[in-house]
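For reference, the structure is listed below as structure tokens.
The values are calculated or read from the model by the stated rules, or taken from the named source; none is laboratory data. Here the structure is a predicted model, which means the values were calculated and not measured. Note that we place each Cβ from the backbone using ideal geometry, even for glycine, and neighbour counts take in every protein chain shown. Calculation scope for accessible area: heavy atoms of the full protein, side chains included, ligands and nucleic acids excluded. Shrake-Rupley method; radii C 1.70, N 1.55, O 1.52, S 1.80 Å.
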Amino acid sequence: MFATLSDRLTSTFKNLRSRGRLSEADIDATVREIRRALLDADVAVPVVREFAAAVRERALSVEVSGALNPAQQVVKIVNEELVAILGGEGQRGLALAKNPPTVIMLAGLQGAGKTTLAGKLALHLKEKGHTPLLVAADLQRPNAVTQLKVVGERAGAPVYAPHSGVAGEDEVPTGDPVAVARAGVETARSREHDVVIIDTAGRLGVDAELMAQARDIRDATQPDEVLFVIDAMIGQDAVATANAFAEGVDFTGVVLSKLDGDARGGAALSVARVTGRPILFASTGEKLTDFEAFHPDRMASRILDM
Amino acid sequence: LSRDHLSEDDWDELEETLLLADVGAGPSAGLIDALRTQVRVHGVSDPVQVRAMLRSALLDLVDPSLDRSLATDPTLGEDGARVPSVVLVVGVNGTGKTTTVGKLARVLVAEGSDVVLGAADTFRAAAADQLETWGSRVGVPVVRSHKDGADPAAVAFDAVRHGRTEDVDVVLVDTAGRLQNKSGLMDELGKIRRVIEKEAPLREVLLVLDATTGQNGLMQARVFGEVAGVTGIVLTKLDGTAKGGIVVAVQRELGVPVKLVGLGEGPDDLAPFEPEAFVDGLLGD
Ligand SMILES: Nc1nc2c(ncn2[C@@H]2O[C@H](COP(=O)(O)OP(=O)(O)OP(=O)(O)O)[C@@H](O)[C@H]2O)c(=O)[nH]1
Ligand SMILES: Nc1nc2c(ncn2[C@@H]2O[C@H](COP(=O)(O)OP(=O)(O)OP(=O)(O)O)[C@@H](O)[C@H]2O)c(=O)[nH]1
Ligand SMILES: [K+]
Ligand SMILES: [Mg+2]
Ligand SMILES: [Mg+2]
């Protein structure tokens, strides 16, 4: 759909090769191309603004004017800056509790991929020798509990689900998600599960009531990780949403979902930049095995379409 | 040409308003360039007036004159028998398809229509159960398979067949979420469509777009439009902070209008799309 940034920069620099050094006007043209590429990739406007300024400064410096191939040098700078924001070279794994059970709480907008991720995490942890328990604390979305039970079965992990939530004729959900989450952790402790994964209902950043409920779940269960699940297809709303969840549940890490699509995923950059929380994992499909560590360098290339 | 009296910062701010609403870099630049020309030609200097001009340009793009009604009235077959209107609901994962089917059934029932739902998502965990809950919520039957991974086209066919034999007015078919770059899943959608059309004409194919979606929405529209023959867009989750500006480009790309908006998770949270309110939302007014 969009010409790649490399293509565009190469054409910007076309007439320049012979001269071998960049004028300020060349740099401005370059920064405009970079800005456009980032916007096309859904990077948040304030992040683009800040990023473009930083790149401009570095590009004006000696490191570019002296370079043999200024175009490539600029791309390299852009790439480096992106990777740095996205978390540099190494990503940490899950923080495990010294005194089990480790509690992992999932949070995010509606439809982001939380329940699916619960199954993926369970499978991933089982393969590492853990004994995860899933906790059904979404009593709101129709058949969320049923969905988690199916997912748990597929992962081979038990599900703590004392209430069926909204299902069948039961229009009004029974049970309190906070109480379920708390009891889930107690159950894990007594049955000697070393990890608890709490699935919660999707909620909007602006929904004060539901955000307070999420905070109550957090306070009641004292999670070792609160993972914010965000859809890679999200656009400019990423900032408002990430900030709302950072403030609301103070998440400790991010999982980027649906990366198997063809979205460029600029939201990754926005979320990492505005919240400063690490992106830990990527969800890359509907199957429970479609789950991997997040790679900042691959993400940078993807955002830049290189 | 006289220069306009807005500063570069003013123009940047206007453009950022559009960008922040997910209108997209290309369309936003286009709108602002056209506006700058217009402002110069007409010698406008009042920023409030410039904003009003932008609003009107956006409204032109969204086009209030488009027919946004749904074709949900039954038709007559060659044999003179009534054939239900079939509505197919498609889109990427998690946008709100199943919820929209439930809400739409509620609206149709309230209008006095006889409705049946088809659970042609046989893939996602508990998808058919979720639709059944919606069915009992709004009091309409659901045709489903109890086998995981059953052929979704067969379920869709059964639902439409059931709709015909029971002489209902509308059959709403829910499908599994699928990313447009998965060709196997897109082929499956093409098959669902063809199989339905053997039994009854497909009157509406609704593409459900999540308002939080950024520029990828355009790719979604392109591929779903090709494979499924989209006739209308449903813009969900407008109750959040997202503006849904990508639909401006999507409407233009597909040549079909946004017909409905989703404003929450409850059965009554579906509304007709209102161009003026939408544009005001984009501009943050
Ligand atoms: N292609 C793809 N689909 C995914 C991925 N993760 C989740 N999904 C799908 O996205 C849809 C929503 O996933 P859920 O796990 O139900 O999302 P959720 O956040 O629990 O949704 P709510 O509970 O309604 O807020 C489902 O169709 C999933 O199969 C992914 O990484 N790739
Ligand atoms: N706030 C809000 N949430 C919505 C809206 N529409 C749907 N949802 C929620 O979004 C989530 C996903 O909705 P579904 O109807 O399951 O989406 P889907 O497209 O059928 O998902 P898949 O079948 O898994 O692809 C659920 O938690 C819904 O309650 C809306 O207009 N506003
Ligand atoms: K909104
Ligand atoms: Mg869920
Ligand atoms: Mg569904």
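What helices (runs of 4 or more DSSP H) lie completely within the stretch A:26-119 and have 1 or more residues being more than 14 Å from every other protein chain (Cβ to nearest Cβ) and under 30 Å from A:Val195 (Cα atoms)?
Because the criterion is at least 1 residues that are more than 14 Å from every other protein chain (Cβ to nearest Cβ) and under 30 Å from A:Val195 (Cα atoms), the helices (runs of 4 or more DSSP H) in the stretch A:26-119 that meet it are A:70-86.
Which residue pairs have Cβ atoms closer than 8 Å, lie 6 or more positions apart in sequence or on different chains, and pair a first residue in the stretch A:252-272 that is within 13 Å of another protein chain (Cβ to nearest Cβ) with a second residue that is at pLDDT below 95 and open to solvent by 20 Å² or more (accessible area, probe 1.4 Å)?
Every condition considered, the pairs that remain are A:Arg264/A:Arg302; A:Arg264/A:Asp305; A:Gly265/A:Arg302; A:Leu269/A:Ile85.
Here is a list: B:Ala105, B:Ala154, B:Ala125, B:Ala71. Which entry is within 16 Å of ligand 2 (Cβ to nearest atom) and touching a residue at least 12 places away in the same chain (Cβ under 8 Å)?
B:Ala105
Since B:Val23 meets every condition but one in (1) open to solvent by less than 30 Å² (accessible area, probe 1.4 Å); (2) more than 14 Å from chain A (Cβ to nearest Cβ), which condition does it not meet?
B:Val23 satisfies every listed condition except (2).
For the stretch A:186-198: of the residues being out of contact with any helix residue (DSSP H, G or I) (no Cβ under 7 Å at 6 or more places or on another chain) and at negative phi, which is least open to solvent (accessible area, probe 1.4 Å)?
Looking at residues that are out of contact with any helix residue (DSSP H, G or I) (no Cβ under 7 Å at 6 or more places or on another chain) and at negative phi, I get A:Ala188.
Just for the stretch A:124-175: of the residues that are away from ligand 5 (no atom under 16 Å from the Cβ) and of a type in the set (Ser, Thr, Tyr), which one is surrounded by the fewest Cβ atoms within 10 Å (Cβ to Cβ)?
If we take residues in the stretch A:124-175 being away from ligand 5 (no atom under 16 Å from the Cβ) and of a type in the set (Ser, Thr, Tyr), then A:Thr174 is surrounded by the fewest Cβ atoms within 10 Å (Cβ to Cβ).
What about B:Gly284, is it open to solvent by 40 Å² or more (accessible area, probe 1.4 Å), away from chain A (no Cβ under 11 Å) and closer than 18 Å to A:Gly235 by Cα?
Here the answer is yes, as B:Gly284 does meet what is asked.
Which of the following residues is open to solvent by less than 10 Å² (accessible area, probe 1.4 Å), in contact with a Phe, Trp or Tyr (Cβ under 9 Å, 6 or more places away or on another chain) and farther than 22 Å from B:Thr98 by Cβ: A:Leu121, A:Leu117?
That would be A:Leu121, the only listed residue that is open to solvent by less than 10 Å² (accessible area, probe 1.4 Å), in contact with a Phe, Trp or Tyr (Cβ under 9 Å, 6 or more places away or on another chain) and farther than 22 Å from B:Thr98 by Cβ.
Taking the stated definitions as given, is B:Val230 touching a helix residue (DSSP H, G or I) at 6+ places or on another chain (Cβ under 8 Å), β-branched (Val, Ile, Thr) and closer than 24 Å to B:Leu20 by Cα?
Spelling it out, it is not the case that B:Val230 is touching a helix residue (DSSP H, G or I) at 6+ places or on another chain (Cβ under 8 Å), β-branched (Val, Ile, Thr) and closer than 24 Å to B:Leu20 by Cα.
May I ask you to say which residue of B:Ala242, B:Ala221, B:Ala176, B:Ala200 is among the small types (Gly, Ala, Ser), surrounded by 24 or more Cβ atoms within 10 Å (Cβ to Cβ) and away from ligand 3 (no atom under 16 Å from the Cβ)?
B:Ala221
So, restricting to strands (runs of 3 or more DSSP E) that lie completely within the stretch A:199-306, which ones have at least 2 residues that are surrounded by fewer than 18 Cβ atoms within 10 Å (Cβ to Cβ)?
It comes to A:291-293.
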